[in-house]
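The values are calculated or read from the model by the stated rules, or taken from the named source; none is laboratory data. Given the structure is predicted, the values throughout are model-derived calculations rather than measurements. So basically every Cβ, Gly included, is an ideal-geometry build from the backbone, and we count neighbours across all protein chains shown. Only protein heavy atoms, including side chains, enter the accessible area calculation; ligands, DNA and RNA are left aside. Shrake-Rupley method; radii C 1.70, N 1.55, O 1.52, S 1.80 Å.
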Amino acid sequence: MRTTGLIRAGAVVLMIAGVVSGTALGTPDDPPLAVPTDAATPPAASQPVAAVLAPLVRDVFRLRAHGIRYSPNARNVAMRSDARGPLLLFLPATGAVPRDYRQFLNTAGDLGYHVLALDYWNRGRSVARTCERDANCYSDLQANRFDGSHPTRFSAIAPEDSILDRLRRALTTLDRHDPHGGWGRFAHGDHVRWGRIVVAGHSQGVASPRSSLTTTPCRACSCSGLRWSRSTVSRPHGWRTRVSPP
């Protein structure tokens, strides 16, 4: 899948002229979640001040929970440079995995966002090819992948394997391994604080949250995900917002 256009568009949407370079994401083995350097540590004389005050901490991890078998379960990507920054939740397109969007994610992290690129059920045929002209299929399928509701023959994801529960689990994992990183600000128990989150996605990656969060006060960044379906009833959605640095 080609993501060059998305990276360019994302850089414009996030209002940044460059991309931060750094440690490559996605090593062959799963590394332990890193405990970040304390941002308040005084800089050494030989170190650039900016590098010490705002380190870009990257974590790559799979979800694990007792009694739950996540499928699929590619490595999720998380990063943050400021414990006070808002969260950019990013969901990949059909068939893609989080590390396919390294440049886009690095750009957001360099701007000061917490970043969580989450793997979820986006494998197999695209939503458009699955549903074709069945308008009801789109909303039910997208709702099912988001929170496990509305199971049908087209999609029957269990609630504990849904995007919403994966998000909760990922935030709990990150808060446990990076207790000073500010990850706990985005959820309280099972309650996700959507007002502190920018939901972003590529193609299918923005469709599921878009259909489920229309009444929730969160911001959204849609990349190549403007139509509800391939049928004549499809139309661009009208609630996109421009995402600027926090």
Cα principal axis extents for segment 76-119, largest first, Å:
32, 15, 11
Taking every C-alpha to C-alpha distance in segment 96-172 and binning by 5 Å from 0, the per-bin percentages run 3, 15, 20, 19, 17, 13, 9, 3, 0
Which ³J(HN,Hα) values, rounded to whole Hz and listed in residue order, are derived for segment 152-159 from phi using the Karplus coefficients 6.51, -1.76 and 1.60 in 6.51 cos²θ - 1.76 cosθ + 1.60 with θ = phi - 60°, glycine and proline given as x?
9, 5, 7, 7, 9, 6, 6, x
Dimensionless Rg ratio for segment 99-144, taking C-alpha atoms and the 2.2 N^0.38 Å reference
1.61
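Percent of accessible area on segment 101-169 owned by carbon and sulfur, 1.4 Å probe?
Working: 1240 of 2760 Å².
That share works out to 45 percent.
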Gain in length, Arg176 to His188, computed as 0.36 nm per residue apart minus the alpha-carbon separation, to one decimal in nm?
3.0 nm
How would you rank 104-111, 93-100, 149-156, highest first, on the average number of other Cβ atoms within 10 Å across their residues?
104-111, 93-100, 149-156
